[in-house]
Amino acid sequence: MSTVASRLQDVRAQVEKACVKAGRNPEEVTLLAVSKLQPDSLIREAHAAGQVDFGENYAQELRDKAKALTNLSALRWHAIGPLQTNKAKYVAEVAFAFHALDRAGVAEELSRRRKDTLPPLRCFLEVNLAQEETKSGVVPEGVEALLHTVRALPRLEVVGLMALPPLDPDEGRTRARFATLRELAHRHGLRELSMGTTADFALAIAEGATVVRVGTAIFGERPAAVAPSAGA
Ligand SMILES: *Cc1c(COP(=O)(O)O)cnc(C)c1O
């Protein structure tokens, strides 16, 4: 068995265990394999091992990989990184979902660029829970206004909230941040919660995650980002 296949099996087992512990049905949780900066060959390996959902951070890398891997059946691309308006078209053209919506301008461009032949783009509003100055995401108080704008756009469907809280050795604080996202989603009538990475997906599942975004535990360490795709 390849390394990716065995790691994937291991992560799936951990997801299942976290679900059982939390009294949840494992079918409620989607495992998103974050393949940013990883070569196509590893994506093929994961796909051959039954993985369907893949996450990419950089718009041009997403475009290129989607093109190179069109023959992989049923594969769903998720764009999970911050997006510039001028690159929104790459996401609109190929993605199943976008997890990092935090600005009306990007939302409008995504809706404008989403073809009628595709289903509406599933969107998660990214929330900056720790209110970190350098991070992307809308502050919790800004969710309502952004939601109002995005819900009026014809080619987008808001399904939930997303967060990438800072890595924190304090499990209690991490759980509290995930719980805050869950409460915020509930208040706004949103069902999906995209939260949890390699470091904390079990805690995220305990707090209600419906999508966990796991890269390193599946693919191993990432090669370093090289300009110009970095930050794309
Ligand atoms: C890279 C990334 C992940 C995956 O991180 P790992 O630690 O490799 O699991 C998840 N979410 C976002 C938004 C990312 O950028």
Of C123, A225, A100, which is farthest on the positive side of the dipole of the chain, counting Cα position, with +1 on Lys and Arg Cβ, -1 on Asp and Glu Cβ, and the Cα centre as origin?
-> C123
Within region 47-88, backbone nitrogen closer than 11 Å to the virtual label 7 Å beyond the Cα of D40 toward Cβ = 64-72
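For the chain, what does the helix formula give at 222 nm: sum of -39500 (n - 2.57) over DSSP H segments with n ≥ 4, over the residue count, nearest 500 deg cm²/dmol? If you can, show how the numbers build up before the last one.
Working: 9 runs with 91 residues, N = 232.
Using -39500 (n - 2.57) per qualifying helix, the result is -11500 deg cm²/dmol.
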GNM on the chain, Cα springs under 10 Å; top mean-square fluctuation among L121, L32, L190 goes to L190
Assigning unit charges at the beta carbon (Lys, Arg +1; Asp, Glu -1) and nothing else, what dipole magnitude in debye, to the nearest 20, does region 84-232 show about its Cα centre?
-> 580 debye
Selected from G23, G81, G137 as most flexible by GNM, with the chain as the system and alpha-carbon contacts under 10 Å = G23
N128 long-range amide H proximity, modeled H, under 5 Å | V138, V139
Which value in nm describes the separation of the simple spin-label points at T117 and V52, placed 7 Å from the Cα toward the beta carbon?
-> 2.3 nm
Pick from A176, A202, A33: which residue has the top mean-square fluctuation in a GNM of the chain where Cα pairs under 10 Å get a spring?
-> A176
Which ³J(HN,Hα) values, rounded to whole Hz and listed in residue order, are derived for region 139-154 from phi using the Karplus coefficients 6.51, -1.76 and 1.60 in 6.51 cos²θ - 1.76 cosθ + 1.60 with θ = phi - 60°, glycine and proline given as x?
-> 6, x, 5, x, 4, 4, 5, 5, 4, 4, 5, 5, 5, 7, 8, x
Taking a threshold of 22 Å on the Cα-Cα distance, which of the pairs K21/K135; K87/K135; K17/K135 fall above it?
-> K21/K135; K17/K135
With the 8 Å Cα cutoff and a minimum separation of six or more residues, the chain has a relative contact order in percent of 22 percent
Whole-Å semi-axes of region 39-164's equivalent ellipsoid, largest first, each the root of 5 times a Cα gyration tensor eigenvalue?
-> 25, 17, 12
Give a quick list of GluC sites (Glu not before Pro) in region 31-136 that DSSP marks as loop, anything other than H, G, I, E or B, with at most 14 other Cβ atoms within 10 Å.
-> E132, E133
Only Lys, Arg (+1) and Asp, Glu (-1) charged, at Cβ; region 1-136 dipole about Cα centre in debye | 220 debye
Extend 7 Å from the Cα of D170 along its Cα-to-C-beta direction; within region 119-142, residues with backbone N under 16 Å of that point are 129-132
When only alpha-carbon atoms count, how far does region 36-86 stretch along each of its three principal axes, as whole angstroms with the largest first?
-> 34, 18, 16
Rg (Å, one decimal) plus Dmax (Å, integer) for the alpha carbons of the chain?
-> 16.7, 49
Work out the length of the dipole vector of region 97-154 about its Cα centre, built from +1 on the beta-carbon of each Lys and Arg and -1 on the beta-carbon of each Asp and Glu, and round it to the nearest 20 debye.
-> 400 debye
Spin-label point model (7 Å from Cα, Cβ direction): what's the E28 to H148 distance in nm?
-> 3.1 nm
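Using the Kirkwood formula on the Cα atoms of region 143-232, what hydrodynamic radius do you get, in angstrom to one decimal? If you can, show how the numbers build up before the last one.
Numbers: mean 1/r = 0.0678 Å⁻¹.
It works out to 14.8 Å.
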Of L153, T174, I205, farthest towards positive along the dipole that unit charges on Lys, Arg, Asp, Glu beta carbons give region 130-205 | L153
Counting only residues 5 or more places away or on other chains, whose amide H sits under 5 Å from the amide H of E157 once H atoms are built in the peptide plane?
-> L121, R122, C123
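FYI, it's all coordinate maths here, none of it is from the lab. Bear in mind the structure is a predicted one, so any value in this text is a computation, not a measurement. Cβ: placed from backbone, ideal geometry, glycine included. Neighbour counts: every protein chain shown.
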